[in-house]
1. Given the DSSP H assignment, sum -39500 (n - 2.57) over each helix run of at least 4 residues in the chain and divide by its residue total; what's the result at 222 nm in deg cm²/dmol, nearest 500?
2. What's the extension gain from residue 18 to residue 49 if we count 0.36 nm per residue and subtract their Cα-Cα distance?
3. What percent do you get for the relative contact order of the chain when only Cα pairs under 8 Å and 6+ apart count?
4. Rounded, prolate or oblate for the chain? Axes are the square roots of the Cα gyration tensor eigenvalues, ordered a ≥ b ≥ c, and the cut-off for rounded is a/c under 1.5.
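No lab work stands behind these numbers, since they all come straight from the coordinates. A quick note: this is a predicted structure, and the numbers were derived from the prediction, not measured.
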Ligand SMILES: [Zn+2]
């Protein structure tokens, strides 16, 4: 478990400003403190996707997504 006060740096894709985003905002898309552009959603924890949610999640992500594929027994 991460402490609630953990802060991540999320760079703005428009102006490059490094924005400090607290871990408590997991999965949320914030706004750049400099130019107010939408920031990529903060995802620091693995999430489980399936065949109905994979495409929409990956296609909506403005940043690369790391995926691990597995099959049930
Ligand atoms: Zn910005």
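1. Helix contribution divided over all residues of the chain: -2500 deg cm²/dmol.
2. 8.3 nm
3. So the answer I get is 21 percent.
4. Oblate, because a/c is 1.5 or more while a/b does not exceed b/c.
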